[in-house]
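Working notes, structure below.
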Amino acid sequence: MEENEKKNEKMQNFKTVQNTNTYKAAYKNETSSKTKVGFGKSVLIPFFSGVMGCVIVLGTCFGVPSIRSKILNIPTSTTNNSDSQNAGYVSQTSLSNYSDTSIFAANKVLPSIVGIEVEYNVNSLMSMFGRQAQTSTAKASGSGIIMSDDGYILTNNHIVATSSSESYYEVSEATKITVTLFNDENQYEAKIIGTDEQTDLAVIKIEKTGLSKAEFADSDNIKVGEFAMAVGNPLGMQSSITCGVISAVNREVTDSDGKKFTLIQTDAAINSGNSGGALVNSEGKVIGINTLKLSGTGIEGMGFAIPINSTTDITSQLIQYSKVKRPYIGISGMDLTEQVAKANKLEVGIYVKSIDDFSAGEKAGIKIGDVIIEADGKKITKMDELNEIKNTHKIGDEMKIKVNRNGQEKELTITLGEQP
C-alpha cells in the first residue's frame, strides 16, 4: 500500500516536472516567436514602407515633366519631347522665347515709327437738294518710318499725295501734313519732299533733329515662315504692333488702280492707318513698308509690304530730284492675243496705238500700227514685258527692238529718254 502511494507520488512529481518542462519549452517557443514578430514590426515593415514611399514619390516626380526636368537639370523642351514620345504626354512649348523676341523687336523699332495725319479739301461739284456747292475739310491718317535723324520720313504715296475727282466731289492734294513722334505729344508739320505713284512711295520731312533712325535689313534674304511684326497707327491708334510670319515673298499683286507690285505677303494684321508703317524681322529691322491688304468675305490675314531693298534707289531720287527719273519710250500699245492677231492678219505682239511727239520712240522711227515682237533680242507679247526690259536700262541707254510692219520685220534702235 505504501509502495503504491510512493509510486503515485513519484508519478505526480514526474508529471509536474514534465508539465513544468513543457511549459518552459512552450514559453521559450512563444518568447522566440514574439521576438521575431517584434523585429519585423519595428524594423522590417518601416524599412519596406519607406522604400515603397520613396518609389511612389520619385515615380510621381519623374512622371511630371516640369519636376523631372528640375531634378535632373534637363531643358523643358527635351523633357517634353521625351515624354511625348515615351509616355504619351502632349508636348508643351514655352512661349518665353517668342515673347522676348516680340518685346525686343517692338522696343527697337517703335521709336522710329511716326503717325501721319493729312488734311484735304473736298469740293462738291453740284448742289444737292437745292443747297449750294460747298467746300469741306477731310482728314486721313497713316504711318511713316524715320529714315534719318534730321527728319526725313518714308511713307506711302497714297497717304500724302492722294487726289481724285468723282461725279459729285473733288478731293484736292494734301493741304496740311502733321507728324506725331513716339512718346511725344507734340505735332510737327511736314512738307512733301518727293512722291512716286508708280511705286506708291513718298518722302516727307519735319524740322527736327535727334530722331531715332530705323535700321534696315536685307529683304532679299527673308524666308517664308520667319517672324514678322507690323508696326504703325491703325485707325489712329498710335504705336500699335501685330505679329505673324512671312507668308510669301515676291508675290505679284494688282491694286484697285491696276498697278502691279511685287510684294512681301504676311499674316500680321494690317489695317487702315498701317500704310506707310514698317514690317520688321525678329531683330526689329525694317524688311518692308506696309502698303495694302486684301479684304472681303472669306479673306483673312493677307497683308502686303513693299520690300525695303526695292525702295533704296527710289527714296534717294525722291530726296535728290523730288521725283524718280525713269527711262521712257513714249508709246502706248495694246497686247495682241493669237485670236485678235489672226483676225486682223497681224503678228502676235504689242500693237502701237499712239506715239508721243518728240519722244524717243518717234525719233527711233516707230510708227502707229507697228507690232513690236522683240526687245533686246527677247520675244515679247505684252507691254509689261517691254516695260520690264526698258526698266533695266538707264536714261540715255540704247535699246534695240524688232517690229513687224505690213508683214515685214524691221529692227530699230531707241535712245531712251526721261519720262516726263
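The values are calculated or read from the model by the stated rules, or taken from the named source; none is laboratory data. Just so we're clear, the structure is a prediction, and the values are computed from it rather than from any experiment. All Cβ positions, glycine included, derive from the backbone under ideal geometry; neighbour counts span all protein chains shown. Areas reflect the complete protein model, heavy atoms only, side chains present, ligands, DNA and RNA absent. Shrake-Rupley method; radii C 1.70, N 1.55, O 1.52, S 1.80 Å.
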Decide, for segment 298-420, between rounded, prolate and oblate: order the square roots of the alpha carbon gyration tensor eigenvalues as a ≥ b ≥ c, take rounded if a/c falls under 1.5, and otherwise choose prolate if a/b is larger than b/c, else oblate.
oblate
Two-site FRET efficiency, residue 282 against residue 398, from Cβ-Cβ distance with R₀ of 45 Å, rounded to 0.05:
0.50
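If you count only protein heavy atoms with a 1.4 Å probe, what accessible area per residue comes out for segment 307-406, rounded to a whole Å²?
Details: 5740 Å² over 100 residues.
Averaged over the residues of segment 307-406, the accessible area is 57 Å².
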With 0.36 nm assigned to each residue of separation and the Cα-Cα distance removed, residue 220 to residue 257 gains 10.6 nm
For the pair residue 409 and residue 123, the simple spin-label estimate (label points 7 Å beyond Cα toward Cβ) gives in nm 5.4
Anisotropy class of segment 194-324 from Cα gyration tensor, a/c 1.5 cut
rounded
Please provide three numbers in whole Å: the alpha-carbon extents of segment 262-342 along the principal axes, with the largest listed first.
53, 43, 21
Provide the FRET efficiency to the nearest 0.05 for the residue 135-residue 272 pair, computing r from the beta carbons and using R0 = 22 Å.
0.35
In what sequence, highest mean first, do 195-207, 242-254 appear when ranked by Cβ atoms within 10 angstrom?
195-207, 242-254
